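Data first, discussion second: the structure below is written as structure tokens.
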Number of protein chains: 2
Amino acid sequence: MSKPATPVAPPLKDELDIVIPTIRNLDFLEMWRPFFEPYHLIIVQDGDPSKIIKVPEGFDYELYNRNDINRILGPKASCISFKDSACRCFGFLVSKKKYIFTIDDDCFVAKDPSGKEINALAQHIQNLLSPSTPLFFNTLYDPFREGADFVRGYPFSMREGVPTAVSHGLWLNIPDYDAPTQLVKPRERNTRYVDAVLTIPKGTLFPMCGMNLAFNRELIGPAMYFGLMGDGQPIGRYDDMWAGWCTKVITDHLGLGVKTGLPYIWHSKASNPFVNLKKEYKGIYWQEDIIPFFQSVTLPKECTTVQKCYIELSKLVMEKLGPIDPYFQKLADAMVTWIDAWDELNSPQSAPAAADGKDGSSSKKK
Amino acid sequence: MSKPATPVAPPLKDELDIVIPTIRNLDFLEMWRPFFEPYHLIIVQDGDPSKIIKVPEGFDYELYNRNDINRILGPKASCISFKDSACRCFGFLVSKKKYIFTIDDDCFVAKDPSGKEINALAQHIQNLLSPSTPLFFNTLYDPFREGADFVRGYPFSMREGVPTAVSHGLWLNIPDYDAPTQLVKPRERNTRYVDAVLTIPKGTLFPMCGMNLAFNRELIGPAMYFGLMGDGQPIGRYDDMWAGWCTKVITDHLGLGVKTGLPYIWHSKASNPFVNLKKEYKGIYWQEDIIPFFQSVTLPKECTTVQKCYIELSKLVMEKLGPIDPYFQKLADAMVTWIDAWDELNSPQSAPAAADGKDGSSSKKK
């Protein structure tokens with residue numbers, strides 16, 4: 001076998017941003033270097049903006065702290081959470097790329113059962129670039145994987161699938177449990193490597209975790225709003241859940257797909273269950289109403305874009321969830337502000353302005 | 001570690017029948033001996049009733065050929081297919097047990113990635129005895145497996161789950177493909193062991209394969225009718241699909257669960273794709289209408305038993321699918337006949353009569 005004359009270019013190198021919310025030095029990137037170095041990073045610094053976040057040499061990145069967010073968004077910055085990883089969605093807003101991969105800074109490279117290091121990003125890209133099959137369940141999982149196909153009885157008219165909007169990856173070691181489960185099972189670790197990717201069927205909601213997540217920003221970006229969490233809010237740790245419920249309802253409406261399963265990352269450290277319980281307890285209570293609400297939402301057929309769907313959803317949140325707690329009225333307003341901000345930064349004319357905004361803290365390697 | 005004084009009894013030994021449709025000697029049972037020998041077998045002999053089917057020594061079984069079926073059911077025998085593995089549902093009818101496991105005679109014991117032989121029956125029993133979660137998707141798959149649980153964001157009110165009616169197992173080696181896919185990919189083998197069991201969400205249909213299937217007969221038995229296939233019918237190889245569509249619509253309506261995934265069996269031999277194409281081609285065409293039909297079915301809330309649901313479904317089949325082809329009118333009638341036969345053989349008084357019917361061909365080991 002002869003070597004190829006030029007190395008194969010990393011897939012989607014110029015079409016994908018990696019978004020990382022953080023409050024600390026990004027030493028975790030060292031482990032990801034072989035996989036992430038060719039890509040551009042958008043780092044969203046949470047908490048004290050005067051703190052200096054160190055990024056390992058050689059990475060191409062831009063970094064935004066709270067001062068940057070306030071400067072770029074002005075009054076609309078109120079929709080971006082503070083002191084909560086929900087701030088990551090600011091990175092989705094300022095990206096100009098077609099695809100986003102977002103990962104937490106306590107997530108490391110996992111190994112598959114053969115001991116090989118898993119290139120999580122490559123698997124996400126594969127998931128996003130192949131269709132989803134939300135209309136009928138395929139018992140051999142993703143029919144577009146090598147060695148698999150649609151099984152007997154799968155309607156041929158549905159085999160083209162639909163475009164994939166979201167790829168939801170999983171976690172080995174520390175599972176993504178809520179505080180009560182953490183408290184009850186402090187020693188449980190996820191050691192089961194399930195070698196599957198599957199489409200979450202149309203009409204089915206799922207708990208979307210933001211730790212290891214990729215999506216097609218052009219198809220679904222405006223729905224990837226992580227809500228109001230953390231500082232000044234009555235709730236935390238429901239940012240990704242909120243985005244997941246909204247996203248699933250909208251992908252279902254627009255005929256797009258959501259996949260879950262591979263790739264795994266290695267989740268290194270359990271967060272403090274007592275702190276989590278304080279953040280979560282209202283969410284645990286409220287979700288008993290929120291989920292039936294999202295299960296019953298139907299969007300009118302006039303909603304043909306993600307923005308239109310999201311604005312419609314904000315009205316329904318105001319109307320149906322508003323009576324539960326004033327928080328949901330504030331959240332419904334923030335959903336509208338988010339779409340305003342999205343449209344401002346992502347209209348065809350606004351591209352240079354947004355780029356200006358980044359200058360203060362951007363740093364380039366190459 | 002000391003040995004237990006008495007061996008542990010096989011689970012559900014007196015509550016489960018293994019149903020096997022066949023046209024040949026059952027040598028394949030040798031490989032299953034360690035797992036199946038404690039259980040009772042119901043063998044449904046298809047084709048020429050004068051042929052002698054040899055069953056390996058030591059198995060406890062009863063065997064029915066076409067003459068037995070005609071004698072036991074009289075005119076109602078018309079609902080049981082001939083020269084097609086759809087005849088297996090006769091075994092479901094005459095069983096008096098709570099659980100059924102049905103398997104094809106070209107299915108052997110598979111090995112897990114560690115090389116250990118898989119006790120498929122034990123895994124099915126585990127699937128059936130633990131709840132399903134059809135109302136919300138759990139990203140770490142079956143939350144009732146050891147080492148797994150519900151993830152963050154899973155509503156607590158839904159964690160009790162619902163009773164499991166069906167456990168659908170998969171196949172290593174020869175995948176369950178339709179004739180066109182067999183023709184296009186003659187050498188494709190399923191080598192991917194996916195270590196997962198998952199609930200098929202409410203509202204989602206799936207292609208149920210009868211090769212490696214278990215169910216709770218008390219919960220869903222009357223819906224496990226495998227239709228009219230084979231001799232004298234315009235279609236074959238859609239028997240299990242038909243049962244799967246009907247079953248899923250009814251389990252969804254009644255608040256029951258369907259699981260798929262583990263256990264794997266080793267499917268030894270691909271059937272002839274040219275023969276299969278002849279059997280399937282009408283089904284391939286018709287399923288484009290059948291599946292939207294089943295996706296749109298809603299059963300009235302008065303349908304509180306499987307029988308009531310099934311009779312209602314037969315009416316809808318007559319009304320909505322009847323116009324496609326006279327075959328569906330015949331099938332709708334057969335669905336009613338099946339329920340009549342079920343009720344006749346399974347009413348509290350009828351138990352002795354049914355046992356009478358078995359005598360001619362029943363053989364007991366112990």
Subset of the range B:181-196 (residues that are facing chain A (nearest Cβ under 8 Å) and not small (Gly, Ala, Ser)): B:Thr181, B:Lys185, B:Glu188, B:Arg189, B:Asn190, B:Thr191, B:Arg192, B:Tyr193, B:Val194, B:Asp195
If you take the residues in the range A:171-180 that are in a loop (DSSP other than H, G, I, E, B) and in contact with a strand residue (DSSP E or B) (Cβ under 8 Å, 6 or more places away or on another chain), which one is farthest from the other protein chains (Cβ to nearest Cβ)? A:Ile174
From the options B:Arg192, B:Arg237, residue that is part of a loop (DSSP other than H, G, I, E, B), free of Cβ contacts under 8 Å to residues at least 40 places away in the same chain and open to solvent by 10 Å² or more (accessible area, probe 1.4 Å): B:Arg192
Looking for something in a loop (DSSP other than H, G, I, E, B), in contact with a Leu (Cβ under 6 Å, 6 or more places away or on another chain) and within 14 Å of another protein chain (Cβ to nearest Cβ) - is there at least one such residue anywhere in the range B:150-170? yes
Within the range A:287-298, restricting to residues that are in contact with a helix residue (DSSP H, G or I) (Cβ under 8 Å, 6 or more places away or on another chain) and assigned to a helix (DSSP H, G or I), the one that is surrounded by the most Cβ atoms within 10 Å (Cβ to Cβ) is A:Gln287
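The rows are residues; the columns are (1) under 17 Å from the mean Cα position of the chain (by Cα); (2) at pLDDT 95 or above.
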| site | (1), (2) |
| --- | --- |
| B:Lys3 | no, no |
| B:Phe35 | no, yes |
| B:Ile42 | yes, yes |
| B:Gly58 | no, yes |
| B:Asn65 | no, yes |
| B:Ala77 | no, yes |
| B:Ala86 | yes, yes |
| B:Ile100 | yes, yes |
| B:Asp105 | yes, yes |
Do we have B:Pro201 as facing another protein chain (nearest Cβ under 7 Å), farther than 19 Å from B:Tyr281 by Cβ and assigned to a loop (DSSP other than H, G, I, E, B) here? yes
From the options A:Gly232, A:Gly257, A:Gly227, residue that is of a type outside the set (S, T, N, Q) and touching a Gly at 6+ places or on another chain (Cβ under 9 Å): A:Gly257
On the given criteria, is B:Lys116 over 19 Å from the mean Cα position of the chain (by Cα), at pLDDT 95 or above, more than 14 Å from chain A (Cβ to nearest Cβ) and on the phi < 0 side of the Ramachandran plot? yes
A:Ile220, sole failed condition from (1) assigned to a helix (DSSP H, G or I); (2) within 11 Å of chain B (Cβ to nearest Cβ); (3) open to solvent by less than 10 Å² (accessible area, probe 1.4 Å); (4) not hydroxyl-bearing (Ser, Thr, Tyr): (2)
Could you list all residues from the range A:122-146 that are more than 10 Å from chain B (Cβ to nearest Cβ) and under 12 Å from B:Thr204 (Cα atoms)? A:Thr133
Flagged in the range A:128-161 as hydrophobic (A, V, I, L, M, F, W, C) and open to solvent by less than 50 Å² (accessible area, probe 1.4 Å), in numbering order, are A:Leu128, A:Phe136, A:Phe137, A:Leu140, A:Ala148, A:Phe150, A:Val151, A:Met158
Is it the case that B:Gly232 is away from every other protein chain (no Cβ under 13 Å), of a type outside the set (S, T, N, Q) and surrounded by 24 or more Cβ atoms within 10 Å (Cβ to Cβ)? no
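The values are calculated or read from the model by the stated rules, or taken from the named source; none is laboratory data. Here the structure is a predicted model, which is why all the values come from computation and not from measurement. Heads up, the Cβs are rebuilt from the backbone with ideal geometry, glycines too, and the neighbour counts pull from every protein chain shown. Just the protein is used for accessible areas: all its heavy atoms, side chains included, with ligands, DNA and RNA removed. Shrake-Rupley method; radii C 1.70, N 1.55, O 1.52, S 1.80 Å.
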